[in-house]
Amino acid sequence: MDIGALVAHIVHDRAVRLVATARLREPVLLKLVANEDLDALAEIEGATSGRLRAEQVGTDSLDRREFVFGVPHAKFINAAFSYWTPRALNRFNGPGRGAWYAAFTSETCTHEVAFHMERELANVDDFHATIDYAEVFASFIGDFVDVRRVTPRPDFLDPRPDRSYLPGNQFANSVRAAGHYGIVYPSVRHAGGTCLVALVPHAVQAVAQGRVIRMCWTGKPGPVVSVIQSG
């Protein structure tokens, strides 16, 4: 695939990411919602200590000089790149380097998040769960590799993780090595939706909080989604 032919200058100011609030104490969450104290959201990612270590010495796949400093909510941006799934791949990142995954709409984001949560519920054979998520918006301006119109559909967009995540990581490494900010791609979990992954911290700009959304599973796949706190 010719990456250069797919580079597009992307300007998008409301890409949304859903971050689970389960690891926040209730008083912290109330302060977060009231004051948009997004630095506290780094604790949600379980990455505060990992972020501090990564900012000081880097990781196996992330140079400490790549992190951002002196911008609003830099700690939260850096936390997203300091946290990854141990011993497992995500679509465009693996152990040693995180990424900022987002979607162009909250509806697409809920479909993506629900898929991953339901994999975990299936693993324990119990589809009963209630999880609250904070919407986190960010702006993106720069050169991204846009694969929305690539045919035939690339292997890394296969809906089966065991067939797509390894080629996805290989593709992401090539995109990053070429100096591009990330990838814009069609949602695999929401027909017609668009997702974006930022592969470098400085691509994430103007972070702001939106609503708090509750996703409730009551014994079967397909959560009931409701808004419990307006933005």
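Ranking Ser164, Ser139 by Cβ neighbours within 10 Å, fewest first, what do you get?
Ranking Ser164, Ser139 by Cβ neighbours within 10 Å, fewest first, gives Ser139, Ser164.
So which helices of the chain fit the span-like rule, where a helix is a whole DSSP H run, its Cα atoms reach 30 Å or more along the axis, and its mean Kyte-Doolittle is at least 0.5?
Long hydrophobic helices here: none detected.
If each residue's Cβ is checked for other Cβ atoms within 10 Å, how do Ile3, Ile228 rank with the fewest at the top?
With the fewest neighbours first, Ile3, Ile228 line up as Ile228, Ile3.
In nm, to one decimal, how far is the Gln56 label point from the Ala20 one, both placed 7 Å along Cα→Cβ?
A separation of 2.8 nm, rounded to one decimal place.
With a point put 7 Å past each Cα toward its Cβ, work out how far Asp125 is from Arg65 in nm, to one decimal.
5.3 nm
Arrange Lys75, Lys220 by Cβ neighbour counts within 10 Å, fewest through most, would you?
Listing Lys75, Lys220 from fewest to most nearby Cβ atoms yields Lys220, Lys75.
If packing is taken as the average count of other Cβ atoms within 10 Å, what order do 119-126, 181-188 fall into, highest mean first?
By packing density, highest mean first, the sequence is 181-188, 119-126.
So what's the net charge close to Val212: Lys and Arg +1, Asp and Glu -1, counting the other residues with Cβ under 10 Å from its Cβ?
The answer is 0.
Quickly estimate the mean residue ellipticity at 222 nm for the chain, helices only: each DSSP H run with n ≥ 4 gives -39500 (n - 2.57), and the total goes over all residues, rounded to 500.
-8500 deg cm²/dmol
Using +1 on the beta carbon of Lys and Arg, -1 on that of Asp and Glu, and nothing else charged, what's the dipole of the chain about the Cα centre, debye to 20?
It comes to approximately 140 debye.
When only Cα pairs under 8 Å and 6 or more residues apart are kept, what is the percent relative contact order across the chain?
27 percent
Where does each of 79-90, 194-205 land if you order them by average Cβ count within 10 Å, highest first?
Most protected by this proxy first, the peptides run 194-205, 79-90.
Assign one of three labels to segment 111-173, namely rounded, prolate or oblate, based on the Cα gyration tensor with a ≥ b ≥ c the square roots of its eigenvalues; rounded applies when a/c is under 1.5, prolate when it is not and a/b is larger than b/c, and oblate otherwise.
Since a/c reaches 1.5 but b/c is at least a/b, the shape of segment 111-173 is classed as oblate.
List the trypsin sites (Lys or Arg not before Pro) within segment 155-231 that DSSP assigns to loop and that have no more than 13 neighbouring Cβ atoms inside 10 Å.
Listed in order of number, the matching sites amount to none.
Bear in mind that the values in this text are calculations on the coordinates, not laboratory data. Everything numeric in this text was worked out from a predicted model, so none of it was measured. In this analysis, Cβ positions are derived from the backbone assuming ideal geometry, glycine residues included, and neighbour counts consider all displayed protein chains.
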